[in-house]
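Asker: Can you keep this structure in mind? I'll have questions shortly.
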Amino acid sequence: MFTGIIKGVGHVVAFEKLAETAKLTVASPMLSTIQPQLGDSFAINGICLTVTAVASGQLSVEAMPETIRLTNLGQLKTGDAVNIEPALAASERLDGHFVLGHVDTTAKIVQRTADQNATVLTFKISSEYDDYIVKKGSIAIDGISLTVTQTTPGHFSVSLIPYTQDQTTLGKRQIGALVNVETDILGKYIVSAQRKEAIQ
């Protein structure tokens, strides 16, 4: 379980892709403080992954075919920046929203506009996810908990405050970039229940 509150930005120091699987090593100063252990869950760009190796200021993870197919992880290369969040401890505050790290799909940035101190990003996403994305609802983009500001069929927008732009990778993402999207788990259960009722 995660919150979408990014604890640090790391950099890919090793990436090995084998068919539809991958091994990834990420380095970040924050990992020296958190000290990950083997078997820990970490969200890398919003993807819940299991730590398979650790070194000073580094962690390694492996991705299975389902992860490669549904996320942008397979596009990473050495030197790329990634968002990092360790799993939520039961004693911590729940900021953000409930994020599972189970990415639904990817979306493409199609527009960047300035709104005074904010940057508004608009994304194109498969219309099959329209029912799960609502205005003023929560969404996780590359692991970042954000509020949906606008929706139209096959598109949605979010607004980034300066802190989010500076402290995560999303502020530097350009038009055409693919991002990982996890829709709100509460919305998924509601939509699923409604569809089951309609069938009965």
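Asker: So which residues in segment 51-63 are surrounded by fewer than 17 Cβ atoms within 10 Å (Cβ to Cβ) and out of contact with any Ser or Thr (no Cβ under 6 Å at 6 or more places or on another chain), if there are any at all?
Answerer: Val54, Ala55, Ser56
Asker: Is it the case that some residue within segment 131-138 is crowded, with 16+ Cβ neighbours inside 10 Å and within 17 Å of Gln174 (Cβ to Cβ)?
Answerer: There is no residue in segment 131-138 that is crowded, with 16+ Cβ neighbours inside 10 Å and within 17 Å of Gln174 (Cβ to Cβ).
Asker: Tally up the residues in segment 155-171 that are part of a strand (DSSP E or B) and small (Gly, Ala, Ser), please.
Answerer: The qualifying residues number 2.
Asker: If only one of Thr78, Thr21, Thr33 is free of Cβ contacts under 8 Å to residues at least 40 places away in the same chain and β-branched (Val, Ile, Thr), which one is it?
Answerer: Thr33
Asker: Give me the residue from segment 170-183 that is surrounded by 20 or more Cβ atoms within 10 Å (Cβ to Cβ) and among the polar types (S, T, N, Q) and, out of that set, nearest to Thr105 (Cα to Cα).
Answerer: Filtering segment 170-183 for residues that are surrounded by 20 or more Cβ atoms within 10 Å (Cβ to Cβ) and among the polar types (S, T, N, Q), the one nearest to Thr105 (Cα to Cα) comes out as Asn180.
Asker: Something else about it: Got at least one residue in segment 93-116 being under 18 Å from Pro153 (Cβ atoms) and more than 16 Å from the chain's Cα centre (by Cα)?
Answerer: yes
Asker: Output the strands (runs of 3 or more DSSP E) that fall wholly within segment 20-60 and possess 3 or more residues being hydrophobic (A, V, I, L, M, F, W, C) and more than 14 Å from Leu76 (Cβ to Cβ), or say none.
Answerer: Qualifying strands (runs of 3 or more DSSP E): 47-55.
Asker: Checking the condition among the polar types (S, T, N, Q), out of contact with any strand residue (DSSP E or B) (no Cβ under 7 Å at 6 or more places or on another chain) and surrounded by fewer than 13 Cβ atoms within 10 Å (Cβ to Cβ), which residue from Gln111, Gln116 passes?
Answerer: When all the criteria are applied, what remains is Gln116.
Asker: What's the total number of residues in segment 89-114 that are under 30 Å from Arg69 (Cβ atoms) and hydroxyl-bearing (Ser, Thr, Tyr)?
Answerer: 2
Asker: On to the next question. Within segment 184-194, can one find any residue that is out of contact with any Cys (no Cβ under 8 Å at 6 or more places or on another chain) and either surrounded by 18 or more Cβ atoms within 10 Å (Cβ to Cβ) or under 21 Å from Asp80 (Cα atoms) (or both)?
Answerer: Yes - at least one qualifying residue is present in segment 184-194.
Every read-out reported here was derived from the displayed coordinates using simple, explicitly stated rules and does not represent laboratory data. Worth saying up front: this structure is predicted, and the values here are computed from it rather than measured. Quick reminder, even Gly has a Cβ in these numbers, built from the backbone with ideal geometry, and neighbours come from all protein chains shown.
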